[in-house]
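Report on the following structure.
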Amino acid sequence: TTKYADALAREGFLVLHTNYRNHRGSDTGPDRFRVGYAIDVLNLIELTKKLPEANVNEMGMWGHSMGGGITLRVLTVTDDIKAALVYGSMSSDEVETVQRSRDRWQDDGVDIERIRRAYPILPEDDPEFYRQISPINYLQYVNAVVSIHHGVRDESVPYVWSERLRDELTKVGKSVEFFPYADQPHNFVGGGYDSLITRTNEFFNRYLK
């Protein structure tokens with residue numbers, strides 16, 4: 001995602017490009033259901049407030065795929081983010097995310113024991129646990145303006161997940177915009193990529209500058 005960070009930097013934004021725990025060059029730590037990644041972002045937000053060049057009253061967040069899912073989790077627990085853009089985002093409902101992974105693994109011949117090592121708790125084991133960890137159940141606490149972008153031909157993350165996110169944010173009265181990209185896969189190319197960058201810059205300029 002460096003090219004996206006660079007595009008925002010060229011637009012004049014101060015950009016912090018997260019390197020999550022357990023990735024190369026980072027510390028290690030627990031990360032069940034990517035909660036650890038969200039904690040890393042929340043800590044980074046607090047560190048950002050110590051940068052003299054940062055305008056801490058006008059912070060935005062941008063997330064692609066897994067990063068989109070992390071962005072949604074962060075938005076439900078902090079008011080520091082004023083505008084957030086998610087692109088090809090994972091579902092805000094952990095049941096959908098886990099079920100999608102399980103279906104794909106089973107199609108590839110992965111047995112249930114290996115799946116349970118990745119997900120010790122499955123949705124049918126504890127529905128209440130999944131309700132509690134799914135951002136979609138806490139969208140009423142989102143105070144950021146949200147911009148959603150998704151390729152209709154996304155082969156990795158279902159397009160309908162972003163449609164549902166738009167509908168649920170609208171239902172609880174949140175400010176949201178939605179851009180479908182008819183011919184784009186998970187990682188945009190060509191004109192779709194150019195449109196995404198243009199809209200990203202316009203969005204953050206509108207709400208953060």
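The values are calculated or read from the model by the stated rules, or taken from the named source; none is laboratory data. Given the structure is predicted, the values throughout are model-derived calculations rather than measurements. Don't worry about glycine lacking a Cβ; one is built from the backbone with ideal geometry, like all the others, and counts go over all protein chains shown. Each accessible area value is taken on the protein alone, full model and side chains, heavy atoms only, with ligands, DNA and RNA left out. Shrake-Rupley method; radii C 1.70, N 1.55, O 1.52, S 1.80 Å.
Quick notes
- DSSP-loop trypsin sites (Lys or Arg not before Pro) across the range 132-166, with at most 14 other Cβ within 10 angstrom: Arg153
- A crude spin-label estimate for the pair Leu51 and Gln140, with each label 7 Å from Cα along the Cβ direction, gives 3.5 nm.
- Helices of the chain meeting both criteria, an alpha-carbon length of 18 angstrom or more along the long axis and an average Kyte-Doolittle score not below -0.5, with helices taken as full DSSP H segments, are 35-48.
- Spin-label pair Arg199-Lys3: with each label point 7 Å from Cα along the Cα-Cβ axis, the two points sit 1.7 nm from one another.
- With the convex hull drawn over the C-alpha atoms of the range 1-132, the volume per residue is 131 Å³.
- Taking amide hydrogens as placed 1.01 Å from N in the peptide plane, the amide H of Phe178 sits under 5 Å from those of Ile148, each at least 5 positions away in sequence or on another chain.
- Accessible surface of Trp105, taken over heavy atoms with a 1.4 Å probe and every protein chain present, rounds to 90 Å².
- Cα-Cα pairs of the range 77-209 separated by more than 27 Å (percent): 30 percent
- Mean-position separation - Cα centroids, the range 58-93 and the range 1-38, in angstrom: 12 Å
- Lysine pairs in the chain whose alpha-carbon atoms fall under 20 angstrom of each other, counting only those eight or more residues apart or on distinct chains, come to 7.
- Per-residue [θ]222 nm for the chain (sum of -39500 (n - 2.57) over DSSP H runs n ≥ 4, rounded to 500): -13500 deg cm²/dmol
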